[in-house]
Structures are given as C-alpha cells and as structure tokens.
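The values are calculated or read from the model by the stated rules, or taken from the named source; none is laboratory data. Computed from a prediction, not measured in an experiment: that's the story for all the values here. Here the Cβ positions follow ideal geometry from the backbone for every residue, glycine too, while neighbour counts run over all protein chains shown. What goes into the accessible areas is simple: the full protein's heavy atoms, side chains included, and nothing from ligands, DNA or RNA. Shrake-Rupley method; radii C 1.70, N 1.55, O 1.52, S 1.80 Å.
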Amino acid sequence: MDVSPGLALRNAVEKHTLQVPGAPSALVARLIEQAGFGATYLSGATLSANTLGMPDVGLLTLPELVQHVTYLTRNVTIPVIVDADTGFGEVINVLRTVVELEAAGAAAMQLEDQVLPKRCGHLSGKTLVDPTAMCAKIRAACEARFDPDFVIIARTDARDSEGLDGAIDRALKYVDAGADWIFPEALASVDEFQKFSEEVPVPLIANMTEFGKSPLLEYSLLAELGYAAVLYPVTLLRVAMRAMEIALGEISVSGHQESLLPKMQTRAELYELLDYDGFQEQDRRFFEFAGDGKEEYDEGEEDEEFEDDEFEDDESEEDED
C-alpha cells in the first residue's frame, strides 16, 4: 500500500536533509521531480507573482491556492510542501485550510505568525500576532487533519522584531502547541542557524531565498547543522524571469530568436516531460478511429450493418401498410 504524502515526507527527512526547490507551476514541478529532488514547495510569493502578477501581501485566496496545489500533486509523486501564509484568517479559517489542502494532496502546510496584511519574510516592519493566537491556530491545524502524518509547519518571523532569542522562544511555544516542524525566517548568520538547531528539538527548515537577510549557505553545511529541509522557494522563477528578459531583448533587437535556440528546451524534451506519448497511447486505446497511425474501423462491416437496418425498416413499413 502506498504511504500518504505526509508520511512520505517524514520518511524522506529521516534519511537525509532534503533540498526543496519551489515550483511556480505543475510543469516546473515535473522538472524538479525529473531532476531527482525529493520534494517541492509551493511558495505564496511565487504563486502571487507568477499567477496574479501581485506581491505576496495576502491577496491570494484559499480556492486559488487549493487549485494550484491540485495541479502540482496530480503531476508529481514527490511530496508537496505548501505555504498557507497565515491560514487565511483566524482559527476557524485554519480548520478549513487544513481540510482543503490535505484533500488536494499536500504533504505539509506552513503557517506563519504575521498579522494580515502580511509582508515578505525578508522585509522589515512586519507585525506579529501574539504567540497565544498562533498556538491556537497550530492546535486547530493539528486537530483538523485527517491524516496524523500530514505535517504542520510553524513559521516564525520574530527574528527581525524580537531577536534570535525571541524567535526561539516562540518556536518552542509552537512545538508545545503541536507543530511538527519549525521554519525560522530570516536568520542572519551561520551562528544563528546553528543556535536555532541546538535549541529547537524538531525538524527545521532553512530558507535559502536570494537577496534576503539570510546568507546563502551550502546544503552540506545546513545538513551538518541538522536541518531537515533546505528551501529554494523563488530560485527557479527568478532564473526563468531573467532568461525571458534576455530572450525578449534578443527578439526585439535582432528580429528573430535563432541565437537563443541552444539555450531552449527542445520540443522533444518538452513532450517527454509532459509524457506526450502517454497521452497519445491513451488516445489510441480509447478512441480507435482512423488517423495518425490509429487503428481503422472495418468500414465494410459498418456498411453491411447499415444496409441490414435499412432492410428491416422497409419490411416494417410494408407490415404497417
């Protein structure tokens, strides 16, 4: 029997520290799995930017998030960790958020301790909820999950306003409330990553987002410090956006894209990633009609059947007369 997504994630981090790239789309999630990564991450910042064209300030809705989680989980077999921001409201909203994301196939859900409207975790001026309110959300999330292995991740943004000790204090309270993993946001040095790991006795996530407040540490170092997962939440989106800027500039200046061909994923590579042949095979199996190498119907048999029907209709008309 297959294990649940949550248990698959828990089992994976028992073996080694996971590198977890963020997937802006289901196609990218396929690429992440194809490249051999053991999990992927759906970042609220990436989803807001890539889908809405808006900043990550709490404008994304729960139905939009659930739909995109479903796109990812239907396309990959690796666990999907989901950024659920503040849970889309108060405790009662968190209950619904857990139910919906678990039903969509997520392996884990991340809740953060900011007040709405929220801000990017690597910007200053964030306002935090009282730890008691965050603990209530965590307890609700734990109670709402159907699968006890569905991973509840508590993110704290307290480092910026309350210092490292304040962030650790909050993390310990969140663990007591039932959080399975802790995500300390915007730690400022190797020493801080190390101290957090020493003080908080549950699996931890290290966020290696670019251009933020944390140094970009090597995976091997973070694994040595005991982190369960290393996130690269917006890396692929940033690289893709720069590549598209360069391509647009080339097309604008030269009037064609020929010089870009060596940098492109080929049609054959894209079709392989999409399992295009698999869809064609389904088409052949379910719709066996003529065209493109598909098996043809025996036209003679169908004509014969039609003629018999016509003859029977004639006889019945004569009987009625």
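Which residue out of Arg242, Arg238 is within 19 Å of Thr40 (Cβ to Cβ), basic (Lys, Arg), assigned to a helix (DSSP H, G or I) and at pLDDT 95 or above? Show your work before the answer.
Details: Arg242 fails: within 19 Å of Thr40 (Cβ to Cβ).
So the residue among Arg242, Arg238 that is within 19 Å of Thr40 (Cβ to Cβ), basic (Lys, Arg), assigned to a helix (DSSP H, G or I) and at pLDDT 95 or above is Arg238.
List every residue pair whose Cβ atoms sit under 9 Å apart, with the two residues 6 or more apart in sequence or on different chains, where the first one lies in region 91-117 and is modelled with pLDDT under 95 and the second, anywhere, is open to solvent by 10 Å² or more (accessible area, probe 1.4 Å) and basic (Lys, Arg).
Close Cβ pairs (under 9 Å, with a partner that is open to solvent by 10 Å² or more (accessible area, probe 1.4 Å) and basic (Lys, Arg)) amount to Gln114/Lys126; Gln114/Arg155; Val115/Lys126.
Note down all Cβ pairs under 9 Å where the first residue falls in region 274-289 and is on the phi > 0 side of the Ramachandran plot, the second is open to solvent by less than 80 Å² (accessible area, probe 1.4 Å), and they're at least six residues apart or on different chains.
Asp275/Arg30
May I ask you to list the residues in region 270-287 that are in a helix (DSSP H, G or I) and either closer than 19 Å to Gln34 by Cβ or of a type in the set (A, V, I, L, M, F, W, C) (or both)?
Looking only at region 270-287, we keep the residues that are in a helix (DSSP H, G or I), and these are 270-274, 276-286.
The answer is Leu270, Tyr271, Glu272, Leu273, Leu274, Tyr276, Asp277, Gly278, Phe279, Phe286.
Against the conditions (1) over 30 Å from Ser4 (Cα atoms); (2) surrounded by 20 or more Cβ atoms within 10 Å (Cβ to Cβ); (3) of a type in the set (D, E, K, R), where does Lys137 fall short? Just the number, please.
So the condition that Lys137 fails would be (1).
Would you check which residues across region 159-172 are surrounded by fewer than 18 Cβ atoms within 10 Å (Cβ to Cβ) and either within 18 Å of Pro201 (Cα to Cα) or without any contact (Cβ under 8 Å) to a residue 12 or more places away in the chain (or both) and list them?
Result: Gly163, Asp165, Gly166, Asp169, Leu172.
Pick from Thr77, Thr61: which is open to solvent by 40 Å² or more (accessible area, probe 1.4 Å), in contact (Cβ under 8 Å) with a residue 24 or more places away in the chain and either within 15 Å of Leu116 (Cβ to Cβ) or small (Gly, Ala, Ser) (or both)? Walk me through it before giving the result.
Working: Thr77 fails: either within 15 Å of Leu116 (Cβ to Cβ) or small (Gly, Ala, Ser) (or both).
Answer to the check: Thr61.
Restricting to region 150-187, and then to whatever is within 25 Å of the chain's Cα centre (by Cα) and assigned to a helix (DSSP H, G or I), can you tell me which residue is nearest to Met208 (Cα to Cα)?
Ala171
Within region 1-43, work out how many residues are among the aromatic types (Phe, Trp, Tyr) and open to solvent by 60 Å² or more (accessible area, probe 1.4 Å). Even if it seems obvious, please write down each step before you answer.
First pass over region 1-43, keeping only residues among the aromatic types (Phe, Trp, Tyr): 37, 41.
Those still in the list that are open to solvent by 60 Å² or more (accessible area, probe 1.4 Å) too: 37.
Residues in region 1-43 being among the aromatic types (Phe, Trp, Tyr) and open to solvent by 60 Å² or more (accessible area, probe 1.4 Å): 1 in total.
Give the residue, chosen from Ser259, Ser252, Ser316, that is polar (S, T, N, Q) and modelled with pLDDT under 55.
Values: Ser259 fails: modelled with pLDDT under 55; Ser252 fails: modelled with pLDDT under 55.
Answer to the selection: Ser316.
Identify all residues within region 215-229 that are surrounded by fewer than 22 Cβ atoms within 10 Å (Cβ to Cβ) and in contact (Cβ under 8 Å) with a residue 24 or more places away in the chain; write none if there are none. Outline the logic, then answer.
Our first condition is that a residue be surrounded by fewer than 22 Cβ atoms within 10 Å (Cβ to Cβ); within region 215-229, this holds for 215-221, 223-226.
If the condition is that a residue be surrounded by fewer than 22 Cβ atoms within 10 Å (Cβ to Cβ) and in contact (Cβ under 8 Å) with a residue 24 or more places away in the chain, then Pro215, Leu217, Tyr219, Leu221, Ala223, Leu225, Gly226 are the ones that fit.
Output the number of residues of region 80-94 satisfying the condition of being out of contact with any Gly (no Cβ under 9 Å at 6 or more places or on another chain) and either of a type in the set (Gly, Ala, Ser) or open to solvent by 10 Å² or more (accessible area, probe 1.4 Å) (or both).
Going through region 80-94 one residue at a time, the tally reaches 5.
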